[in-house]
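Novice: My questions will all concern the structure given below.
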Ligand SMILES: O=C(O)CCC(=O)C(=O)O
Ligand SMILES: [Fe+2]
């Protein structure tokens with residue numbers, strides 16, 4: 001457990017406070033980064049009062065525009081999107097944060113094939129260590145995962161093309177598809193998919209392709225109980241339904257990051273949960 005706030009964490013705190021992040025979201029991120037919850041609460045409270053005092057002295061009209069600016073929705077208006085080789089149904093559009101839920105991104109057969117291919121190749125999921133960028137197994141993320149190489153064969157290539165068309169973002173900017181399996185009791189506590197600016201570990205991850213800009217999570221199975229994707233600061237929960245997906249965007253054209261995209265996978269109370277995730281980067285991921 002960490003209790004010391006080094007220079008990188010200090011900068012991260014100051015940036016997030018001035019950007020208007022909620023204290024709860026910062027506390028969550030610090031706990032994910034290895035801090036004890038009470039220490040994180042106290043550190044965030046102190047940072048908010050210090051930075052808040054400075055900010056109020058230097059406040060200018062510009063500060064009001066520092067809140068995350070929402071660019072136009074990445075998915076064109078309409079009830080269906082033609083994505084490469086498939087018509088995908090739009091279910092829900094949410095503006096703040098920018099979240100879109102879809103049905104029929106994958107067929108039942110495609111979901112089953114992905115699960116079969118991944119089943120024997122799963123490894124316990126890791127999380128990025130904020131200090132040194134290494135991938136650690138921690139309790140906050142109890143699932144098993146497997147990565148496909150981008151376009152590794154004809155089947156995966158077709159899905160990579162479809163997902164890139166759906167996300168309206170170049171295929172070359174995408175990480176390889178990741179499969180995750182949660183058993184009963186498995187969960188992924190609230191976190192950001194972007195690499196927190198100002199953390200040493202983030203440097204390693206953004207060296208290739210830059211920052212993450214958006215996520216697509218495809219549900220490969222229905223879940224008997226629990227397992228919804230939750231956005232605690234937005235008061236939003238999306239149920240896992242086989243073939244459906246959720247798209248959320250957190251970096252805009254000004255390179256601001258949207259703290260409202262704090263999200264997690266709620267505990268699976270009954271049955272299994274399988275998902276497939278695509279993360280898009282700001283630049284080609286090569
Ligand atoms: O399991 C979920 O619904 C969320 C997964 C997630 O947030 C992630 O893999 O980054
Ligand atoms: Fe995530």
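The values are calculated or read from the model by the stated rules, or taken from the named source; none is laboratory data. As the structure is a prediction and not an experimental result, all values here were calculated from the model. No Cβ is skipped: glycine too gets one built from the backbone with ideal geometry, and neighbour counts run over all protein chains shown.
Novice: Any residue at all in segment 40-51 that is modelled with pLDDT of 95 or more and either surrounded by 15 or more Cβ atoms within 10 Å (Cβ to Cβ) or farther than 21 Å from residue 189 by Cβ (or both)?
Specialist: So far as segment 40-51 goes, no, none of its residues is modelled with pLDDT of 95 or more and either surrounded by 15 or more Cβ atoms within 10 Å (Cβ to Cβ) or farther than 21 Å from residue 189 by Cβ (or both).
Novice: Yes or no: segment 169-179 includes at least one residue that is more than 17 Å from the chain's Cα centre (by Cα), farther than 29 Å from residue 4 by Cβ and buried (at least 17 other Cβ atoms within 10 Å of the Cβ).
Specialist: Among the residues of segment 169-179, at least one is more than 17 Å from the chain's Cα centre (by Cα), farther than 29 Å from residue 4 by Cβ and buried (at least 17 other Cβ atoms within 10 Å of the Cβ), which makes the answer yes.
Novice: What pairs come up if the first residue lies in segment 208-225 and is within 15 Å of residue 178 (Cβ to Cβ), the second is within 16 Å of ligand 2 (Cβ to nearest atom) and assigned to a loop (DSSP other than H, G, I, E, B), and their beta carbons are under 6 Å apart, counting only those six or more places apart or on different chains?
Specialist: If the second residue must be within 16 Å of ligand 2 (Cβ to nearest atom) and assigned to a loop (DSSP other than H, G, I, E, B), the pairs left are 212/193; 212/194; 215/193; 219/240.
Novice: Do you know which residues across segment 264-281 are surrounded by fewer than 24 Cβ atoms within 10 Å (Cβ to Cβ) and touching a helix residue (DSSP H, G or I) at 6+ places or on another chain (Cβ under 7 Å)?
Specialist: Of everything in segment 264-281, just one residue is surrounded by fewer than 24 Cβ atoms within 10 Å (Cβ to Cβ) and touching a helix residue (DSSP H, G or I) at 6+ places or on another chain (Cβ under 7 Å), namely 281.
Novice: Could you check segment 210-242 and list, in sequence order, the residues that are on the phi > 0 side of the Ramachandran plot and surrounded by fewer than 21 Cβ atoms within 10 Å (Cβ to Cβ)?
Specialist: 210, 226, 235 - these are the residues of segment 210-242 that are on the phi > 0 side of the Ramachandran plot and surrounded by fewer than 21 Cβ atoms within 10 Å (Cβ to Cβ).
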